[in-house]
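Worksheet: one structure, shown below.
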């Protein structure tokens, strides 16, 4: 492979890796995980967050955060603590774009039923505003630096950005190696080569025409192609072989040959047959209940040397009854000989002849 082509491929791969890595990180940085984080005062009245943008379709939590104290969890003697906030009353308005900037009530605290930390609403990309009603008992918390906070979880987005770094790192390293290899080949071509000759004063002349054949690129430039890509192929084969789902299981049906009887000949004159009617089971022509099928078959098969059961079903019987009969026969260790309508016609035709 020529140095120019090798360098071009390396630069394209390296630029692609840099662009993908930069784009993924920039996309994550521009997401609004914490659209509101502002200081507020908890005087009696109402807190308004002002207009803020959301560009994610996620669940957002609303809370008022204050500085922690050691006695907050044991303040049963009337001290000022976070319990003074009382029952929260808030509303979220979605502001539609346009000349009128119409406000739509998007969510409110009456929808929440889990307490203080469950103040959440489902956000979609757009512009919003939060209003929080503050009780008079919370005025003493103004000295503890209260802040109105609207946020959502960013863990899965950060994991996505980190996961995108691995293929970008691999592509970037591959591109850099290709560029360096092309540069090294170019520098070696420019370096003067000293020719060793026994008689340097003699002028060389070509007596026989010499043909220069183009070197095969895989042999000259990619000597480790089979090893590198073979390893990748083996890893993928191992992953798909271990992760692939197990093959399905079911009843064995032999459809290889078209014949009327697929059972072995029995030295006993008696045979066992099961007929499934619309609402009735028959074993050797005798009607039985569905629950008695297993015991009746076990008793009939105990008198035979070759355990083969001829099964035939009425066209109006249910599929579940047929599967139940086949499963019961095979569960006893017997072989099912299914007499289909075509098999019945073949038997009738052979009997008439």
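The values are calculated or read from the model by the stated rules, or taken from the named source; none is laboratory data. Keep in mind the model is a prediction, meaning the values are calculated, not measured. Every residue, glycine among them, receives a Cβ derived from its backbone with ideal geometry; neighbour counts consider all protein chains shown.
Of note:
- Matching residues in the stretch 124-143 - criterion: being part of a helix (DSSP H, G or I) and surrounded by fewer than 17 Cβ atoms within 10 Å (Cβ to Cβ): 136, 137, 139, 140, 142, 143
- In the stretch 44-72, residue farthest from the chain's Cα centre (by Cα) [restricted to those that are more than 17 Å from residue 125 (Cα to Cα) and assigned to a loop (DSSP other than H, G, I, E, B)]: 44
- Being closer than 14 Å to residue 326 by Cα, outside any strand (DSSP E or B) and modelled with pLDDT under 90 is a property that residue 293 has.
- Considering 186, 229, the condition of being at pLDDT below 75 and part of a helix (DSSP H, G or I) is satisfied by 229 alone.
- Flag for residue 11 being crowded, with 16+ Cβ neighbours inside 10 Å and either free of Cβ contacts under 8 Å to residues at least 24 places away in the same chain or in contact with a helix residue (DSSP H, G or I) (Cβ under 9 Å, 6 or more places away or on another chain) (or both): no
- Only one entry of 198, 239, 219 meets the criterion of being part of a helix (DSSP H, G or I), loosely packed, with under 11 Cβ neighbours inside 10 Å and either within 36 Å of the chain's Cα centre (by Cα) or at pLDDT 70 or above (or both), and that entry is 239.
- Out of 41, 32, sole residue that is assigned to a loop (DSSP other than H, G, I, E, B), crowded, with 16+ Cβ neighbours inside 10 Å and modelled with pLDDT of 80 or more: 32
- Residue in the stretch 149-166 that is farthest from residue 26 (Cα to Cα), counting only those that are out of contact with any helix residue (DSSP H, G or I) (no Cβ under 7 Å at 6 or more places or on another chain) and surrounded by 13 or more Cβ atoms within 10 Å (Cβ to Cβ): 149
- In the set (1) free of Cβ contacts under 8 Å to residues at least 60 places away in the same chain; (2) more than 34 Å from the chain's Cα centre (by Cα); (3) within 19 Å of residue 18 (Cα to Cα), the condition left unmet by residue 193 is number (3).
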